[in-house]
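Read-outs throughout are calculated quantities, based only on the coordinates presented, and are distinct from any laboratory measurement. Worth saying up front: this structure is predicted, and the values here are computed from it rather than measured. Ideal geometry is used to build each Cβ from the backbone, glycine not excepted, and the neighbour counts take in all protein chains shown.
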Amino acid sequence: MRMVFRWFGEGNDSVSLRHIKQIPGVEGIVWALHDIPTGEEWPLNRILQVQQQVKKLGFHLDVVESVNVHDDIKLGLPSRDQYIENYKKTIENLAKVGVKVICYNFMPVFDWVRTDLFKQLGDGSTALFYEKAKVKGMDPLELVEKIALNSEYTMPGWEPERLQSLKQLFMAYSKVSKEQLWDNLEYFLQKIIPTAESHDIKLAIHPDDPPWEIFGLPRIMTSHENIRRFLKLVDSPSNCVTLCSGSLGANPKNDIPAIIREFVDRIPFAHIRNIKVYENGDFIETSHRKKDGSIDIVNIVKTYYDYGFTGYARPDHGRHIWDEDCRPGYGLYDRALGIMYLWGIWDSLDNGVKQKR
């Protein structure tokens, strides 16, 4: 397991590279050019700038997260081919600085949905929270306004240029069924995977968050069965999955260790986080500790270990603790605690094997 840490860039993150450097075992930065509009080619000079920044601290930038897919591709519009060409050029530019994994998603309109960015937990910390009943009765524009109140930091997956045309996007997606979305995803993969293969890059799709339909929008990356279907669309070592325990784990029917066992060779990147799922379908982010949530993090890490996982992993979301002023879900302190918990499990497993020898 190779530990990495998500960072949103200089001037766009409350967490500094200097502080990340002090977290034991973190070797790389998960990054993106968040100011580049979705669908545009990422300029090489900007990529090289990030490379210079992270190399000063001894980090690699093997993993990129949020090379977002333009809605015209998801909608299957004639204009999608130009956006796919831009995506290919971005892959080529990223390959020039040694990128190995690109994390993306194929969710219509919203990359993730929460109803409260700072829901208070019993210990006084706050965390991202999803209230199922509220989503059912909520106008999506109301949710956008709520997210926009957090104007100090850009929120991944909530790009302003996309959200400005929200009504039009909803009208466009109202004509797209799940099967059509599958078809549009397959078209994208058939066009893009050969480019990824030629540069030895793995494209790793992120599951839908949460793993069910939101506001009537179709969602397809939601289950073990759908991951299996996805990987068969283009059967290539470059067509992979970013396995997020928190996203899939919001549905208790999803058996994360079983998914790891079947697809470990197609999981180059793991998001490992815990959530507490309530009987009514609500859920909230928790600490990584097994007993604090509904997801068996210990068993998940053990399964990765037992099946020889050598990919990249990050702690994903964290709570907001110790009065930290940070981007919702992406502070320093709780994610650092999460990393140490994951290393504790991993090192214990490693030590057990060595003692048996």
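Observations, loosely collected:
- Full extension of the chain between Arg289 and Gln22 gives 94.0 nm of extra length, using 0.36 nm per residue less the Cα-Cα distance.
- Counting only DSSP beta bridges with both residues in the chain, the antiparallel share comes to about 30 percent.
- Length gained on full extension, Gln180 to Leu77, computed as 0.36 nm times the residue gap minus the Cα-Cα distance: 35.9 nm.
- Per-pair calculated FRET efficiency, R0 = 35 Å: Tyr307 and Asp139 via Cβ, rounded to 0.05: 0.20
- Anisotropy class of the chain from Cα gyration tensor, a/c 1.5 cut: rounded
- Computed FRET value (nearest 0.05) for Gln190 with Asp35, which takes r as the C-beta separation and R₀ as 45 Å: 0.90
- Charge dipole (debye, nearest 20) of the chain; +1 at Cβ of Lys and Arg, -1 at Cβ of Asp and Glu: 900
- Contact order for the range 266-357, expressed relative to its length and based on alpha carbon pairs under 8 Å spaced 6+ residues apart, stands at 27 percent.
- Rounded to the nearest 20 debye, the dipole magnitude of the range 1-138 is 360 debye, with +1 charges on Lys and Arg beta carbons, -1 on Asp and Glu beta carbons, and the Cα centre as origin.
- Between Asn351 and Asn12, the FRET efficiency estimated from the beta carbon spacing at R0 = 56 angstrom works out to 0.90.
- Each peptide in 246-259, 167-180, 124-137 gets a packing score, the mean of other Cβ atoms within 10 Å over its residues, and the list from highest to lowest is 246-259, 124-137, 167-180.
- Gain on full extension, evaluated as 0.36 nm per residue between Glu197 and Ser236 minus their Cα-Cα distance, stands at 13.2 nm.
- Cα gyration tensor category, rounded, prolate or oblate, for the range 57-142 with a/c compared to 1.5: oblate
- Along the axis of the charge dipole computed for the chain (Cβ charges of +1 for Lys and Arg, -1 for Asp and Glu, origin at the Cα centre), the listed residues Gln120, Val234, Thr90 are led at the positive end by Val234.
- Two-site label geometry, Glu92 and Leu44: point separation in nm, points 7 Å out along Cα→Cβ: 0.9
- This ranking places Arg228, Arg219 by how few other beta-carbon atoms lie within 10 Å of each, fewest first, which gives Arg228, Arg219.
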